[in-house]
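Okay, structure first, notes after.
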Amino acid sequence: MSIAKTEYYTAEEYEAAKSADIAAFLMSIGCELTRVGCCWKGKRHDSLVIRDDGRWYWNSRGLHGHSPIELYKQILLSDYGYPDEITAAIAAVKALAGGRGISAESSASFVSAAPRSARERTETESLPLPATHKNNNRVMAYLCKTRGLDPDIVRGLMKSGKLYETVQRWDKGAGRYVDGVYHNAVFVAYDSRGRPRNAFLRGTISTTDKPFKSDVQGSDKSYPFTVPELPGSNTVFCFESAVDAISHAGIYKRGDADWRDGHRISLGGTSFQGLDRFLSEHPDVTNIVSCLDSDETGERRSRKLADEYSAKGYVVEREAPIHKDFNEDLLDYLQEEQEETEDEFDYESLL
């Protein structure tokens, strides 16, 4: 496959990706590598070896080469569920061109060093992320069965690298990510060049009223989590959480509406910093819909949003959930569907 001819990235991006330091790049996105002599060796993929001259060998898969693009493409196909080589290759080029990493010689202690804060990181540095689990089964089950999210939308987010499963957590004492027994969902927000900037963990254990929640170390919360939209949309829907944004899309889809009718972003609460950055990067957006929770804080912040952004020339509307948030609305919607189906079933035919 001659990926150099693809139309989906520039010649400059391709040249930058070709010369990327692949070991440094992988460590910058949270992949753990161990220094062994003149090589780097993978922790999760222990048969992966990357030499200092750029050559790499993935022995268990019978793969080898010198191209950082090819290696990262294979990792995207293996770990992130990309559907085909072309999609993975495009994503690899864009990511490598946007996050070329620090030099391998100076990054020997990168994995064990604490991620720097968002303020300390430069604009060319990606956010280190916890490693991906071998599959997304637990996260899929939790989000789709327990939270009622649409499986196709969830799979799409996983294929784009915006959502995945990890068993790692940050160990403050050790100063690094360590493996554990808990399976958490990782929601990732990217900048305009495809570099991870903000990420947060959500637990998949539903036996408690307060499931595990934690921001990934060093996250910049001015980058909002986004749900894909149709190109050219002029409307942005604002939510307090990623699950609410995905729930809202699912409600639209089940109602036979185009769920990609507008941008959907999670503010990670009720701060407007994510909305400010999003609007600065999407000048075509003219309409803002506040979908914050139906509680005292959500209503108050929605009024504040309307006042501030109407004064800036935006058309601002309020779409409040019927219950506290749109995930509760979705679950109630699904329950009603199930009850209607049971009511329509001809039980007499079983007699």
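Quick notes on this one:
- Test: residue in the stretch 305-313 that is at positive phi and without any contact (Cβ under 8 Å) to a residue 40 or more places away in the chain: yes
- Under the condition of being part of a loop (DSSP other than H, G, I, E, B) and under 19 Å from the mean Cα position of the chain (by Cα), the residues counted in the stretch 248-277 number 6.
- Those residues of the stretch 227-247 which are of a type outside the set (Phe, Trp, Tyr), surrounded by 21 or more Cβ atoms within 10 Å (Cβ to Cβ) and within 17 Å of the chain's Cα centre (by Cα), in sequence order: Val227, Cys238, Glu240, Ser241, Ala242, Val243, Asp244, Ala245, Ile246, Ser247
- Test: residue in the stretch 66-83 that is at pLDDT 80 or above, of a type in the set (Val, Ile, Thr), assigned by TED's automatic domain parsing to the domain that holds Ala97 and buried (at least 20 other Cβ atoms within 10 Å of the Cβ): yes
- Once the stretch 155-193 is narrowed to residues that are modelled with pLDDT of 90 or more and among the aliphatic types (A, V, I, L, M), the residue that is nearest to Phe278 (Cα to Cα) is Ala189.
- Among the residues listed as Ile288, Ile246, Ile265, the single one being at pLDDT 95 or above, within 20 Å of His323 (Cβ to Cβ) and touching a helix residue (DSSP H, G or I) at 6+ places or on another chain (Cβ under 8 Å): Ile246
- Checklist (1) part of a loop (DSSP other than H, G, I, E, B); (2) surrounded by 15 or more Cβ atoms within 10 Å (Cβ to Cβ); (3) more than 19 Å from the chain's Cα centre (by Cα) applied to Pro283, failing item: (2)
The values are calculated or read from the model by the stated rules, or taken from the named source; none is laboratory data. Just so it is clear, the model here is predicted, and its values are computed rather than measured. Here the Cβ is made from the backbone with ideal geometry for all residues, glycine too, and neighbour counts use every protein chain on show.
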